């Protein structure tokens with residue numbers, strides 16, 4: 001009898017232990033370490049650091065980044081190999097909508113959609129020559145942008161060699177007849193393009209150049225985007241019309257969404273703007289700060305109102321304690 005009672009108690013304890021490990025029905029077992037995708041550019045590294053800072057202070061996570069290209073990081077999200085992509089550039093990922101609609105990932109919201117690109121001129125040029133408002137107007141102001149090595153020609157600084165947008169903007173120069181006056185100079189790297197624009201700014205010289213945002217350069221220097229004809233999806237790749245803004249979303253793996261509802265609730269409220277990202281990247285450039293330091297500056301000094309938009313009262317207290 002004693003043996004039977006002992007055996008029954010042992011089985012009961014084992015069963016209780018197993019149930020405790022599995023968790024009760026509906027119980028959420030959250031992760032303690034999360035993985036962000038890192039596709040290499042500044043803005044996503046900043047977004048990772050901002051969300052990571054909140055993850056640490058409010059939710060008690062540790063976090064890391066996994067590097068990869070845009071398509072590789074997207075596929076890793078679908079496969080659950082990374083937890084969070086803070087910048088899914090939806091128009092640049094051919095399978096994004098298909099994967100989202102098929103339920104292969106969880107889209108939590110829009111991070112930003114004001115990422116402009118095109119031909120920019122410095123503010124001081126725009127103010128001195130108010131008639132220069134559009135890309136078409138460049139034909140009437142070509143003599144402002146003379147090639148120092150050939151006074152008979154002017155220069156438009158294009159994008160980086162190998163970028164699709166660089167070819168599109170080259171087609172625009174031809175399509176709008178600007179090639180009568182301008183040579184379109186492609187840059188060997190974004191660093192070379194940056195140097196050309198900063199040098200012109202420092203000397204207060206005219207320059208017209210392709211650029212994009214969010215970037216540190218447009219956070220630090222006041223350049224004006226020239227207006228263009230309305231965006232036309234069918235003609236855009238041939239150089240006609242404005243460059244489209246891309247809707248940049250925040251997405252998580254389905255497994256992460258199911259097991260981390262509180263953090264996903266925060267991410268669903270999270271959004272920045274290109275202007276705010278520009279400011280933070282410019283702060284890094286001016287102060288030699290890293291992404292984590294810039295994230296702390298952004299949330300505690302520059303834009304503390306963001307936390308009030310993203311967090312409830314209890315969460316705010318956890319962040320500030």
*Counting alpha carbon pairs within less than 8 Å and at least 6 residues apart, what relative contact order, in whole percent, applies to the chain?*
26 percent
*Got a sec? How would 226, 138 order by Cβ neighbour count within 10 Å, fewest to most?*
226, 138
_Antiparallel bridges, percent of DSSP beta bridges restricted to the chain (to nearest 5)_ = 55 percent
*What does region 206-321 give for Rg and for Dmax, in Å, if only its C-alpha atoms count?*
18.4, 55
*Under a plain spin-label model, where a point goes 7 Å from the Cα along Cα-to-Cβ, how far apart in nm are residue 147 and residue 259?*
6.0 nm
*Pairs of Cα atoms under 8 Å, at least six residues apart: use those to get the relative contact order of region 118-213, whole percent.*
39 percent
*Grab the beta carbon distance between residue 110 and residue 139, set R0 = 41 Å, and tell me the FRET efficiency rounded to 0.05.*
0.65
*asked:* Please rank 203, 45, 104, fewest neighbouring Cβ atoms within 10 Å first, as an exposure proxy.
replied: 203, 104, 45
*Which value, in nm² and rounded to one decimal, describes the direction-averaged projected area of the C-alpha convex hull of the chain?*
21.9 nm²
*Quick one: length gained pulling residue 66 to residue 321 fully straight, 0.36 nm per residue minus the C-alpha distance?*
88.9 nm
*Fewest Cβ neighbours within 10 Å first, please rank 232, 202 accordingly.*
202, 232
*Starting from the Cα of residue 180, step 7 Å along the direction of its Cβ; do the same at residue 202; then give the gap between the two resulting points in nm.*
3.7 nm
*Calculated [θ] (222 nm, deg cm²/dmol) that DSSP helices of n ≥ 4 give over the chain, each run adding -39,500 (n - 2.57)*: -13000 deg cm²/dmol
*asked:* Testing the spin-label approximation: label points 7 Å from Cα along Cα→Cβ at residue 305 and residue 129. State their distance in nm.
replied: 3.6 nm
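A short reminder: the numbers here are calculations on the coordinates, not readings from a lab. This structure is a prediction, so every number in the text was calculated from the model and none was measured. All Cβ positions, even for glycine, are placed from backbone atoms using ideal geometry, and neighbour counts span all protein chains on display.
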